[in-house]
Amino acid sequence: MSLVQGRGLALIRGGRLLFKGLDIDLARGEALLLTGPNGIGKSSLIRVISGLLRANAGTITRADAALADDNLALDRELSVKRALAFWGGPRLQEAMAVFGLDTLAPVPVRMLSTGQARRARLARVMASGAPLWLLDEPLNGLDADGRERLGRAIHDHRSAGGGVLAASHQPLGGDWRAMDMAR
Amino acid sequence: MIRALILRELKRGLTGSAWLPMIFFLIVAAIVPFAVGPDAPVLARIGPGALWIAALTSALLPIERLIEPDRADGVLDQLSLVGTSEEGIAFAKIAGHWLAFGPLLFLALLPASALVGLDQHATARTALSLAIGTPALAALAVAVASLTAGLGRASSLAGVLLLPLAVPLVIFGSAATGSDSGSALKLEAAVALFILAGGPFVTGAAIRAART
């Protein structure tokens, strides 16, 4: 069973055609990397797949998804643990351990550094237990340790039958199928 | 998810600036006798109307933090990813907003009605008309907050948007405080029901429209 199936997608943003006739597929256990120059529509495609943006043409079906984009979506005044717990999800404990947030659990979200906040938003995705991960520039702000943790999390997620769709300018570790949106 | 969201809204309202609308309500009530003079019959006549104006403005006070912070931080996006409908979000926001300012407003009503010289009977009638009207005020505030989310100078624009929608409610609401016949109260209830029923759908559509 495939996690994402898009056919003939087209999107116009601000009067500009970003892409048309775009087909996209993601099977279980697969990882797909969107590449291409700035402004080509990688983030917009991720939002179309997530359902937050309607494509102007084409059809899309997808499995349950979790999204990590630029926005943190965690309440600033709550502790990391409680802010993440608001979003529920069956794998909260595990996700906090994987991304090294255990020691930060009682710290208010507003006190987190940029990199720590990035880890928290990735932990939110993992905690959700959704089979499909949509990651927009997941490496931004992560240190070497954070990258390694993310790489491991993605590897385990794929082994468990999940899929990952990411947009990134920096190479992600592991074996990815690349999709160049400039072509 | 809806229940968690209502609780979150209530908690944020109470820890943040919940006392502000209540204090604002009291300030307006305290200013009225100074502005119109200490003539008791005049005060008792305009008192309920003044309290309605105070309630309307204090419901508007937190309008900028109702929707915009959650939109900017991606909370609304994440909520719809976990399967909450935009109308559900709107319903939770309205319920949370009312719970954070409504009950406190009734607490403030007792000293406020003393300040404008209302007797027991008039205070009870004002409380009844505010009890019917404030949920609609909450729905109006959330709907207008969602329509102006992400725009510059949102709060002044919100005032302009809210005014025509709030006028019928204020007309019947304050008329209901002045008569025992009950017809104004029924009309107020009708307007409040209309706003309360339409609010979540307007808000839901506005949240969706803000994404594109």
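Please treat every number below as a calculation from the coordinates, not as lab data. Remember, it's a predicted structure, so these values are computed and weren't measured experimentally. Note that we place each Cβ from the backbone using ideal geometry, even for glycine, and neighbour counts take in every protein chain shown.
What the table shows:
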item	result
Lys, Arg +1 and Asp, Glu -1 on Cβ, resulting dipole of chain B about Cα centre, debye, nearest 20	240
Chain B: DSSP helices with Cα axial extent of at least 24 Å and average Kyte-Doolittle hydropathy no lower than 1.6	B:19-36, B:154-176
The stretch A:123-180 - charge dipole about Cα centre, Lys and Arg +1 at Cβ, Asp and Glu -1, debye rounded to 20	200
Translational diffusion coefficient (Stokes-Einstein; Kirkwood radius from C-alpha pairs) of the stretch B:2-211 at 20 °C, 1.002 mPa s, in µm²/s	123
Order of A:Lys42, B:Lys93, A:Lys20 under a 10 Å beta carbon neighbour criterion, fewest first	A:Lys20, A:Lys42, B:Lys93
The protein assembly as shown - Rg and Dmax from Cα coordinates, angstrom	25.4, 83
For chain A, calculated [θ]222 nm from helices alone, where every DSSP H run of n ≥ 4 adds -39500 (n - 2.57)	-8500 deg cm²/dmol
Peptide A:82-90 - average C-beta neighbours from other chains (10 Å radius)	2
Inter-label distance, nm, simple model (7 Å from Cα along the C-beta direction), B:Ser155/A:Asp64	4.1
Cα Rg, Dmax (largest Cα-Cα span) when computed across the stretch A:2-81, Å	14.5, 45
Label-to-label distance, nm, for residues given as B:Asp39 and A:Arg82 (7 Å Cα→Cβ offset)	5.3
Förster radius 25 Å - calculated FRET efficiency between B:Ser85 and A:Arg7 (Cβ-Cβ, nearest 0.05)	0.45
Taking A:Arg62, A:Arg147 and counting other C-beta atoms within 10 Å, the order from fewest to most	A:Arg147, A:Arg62
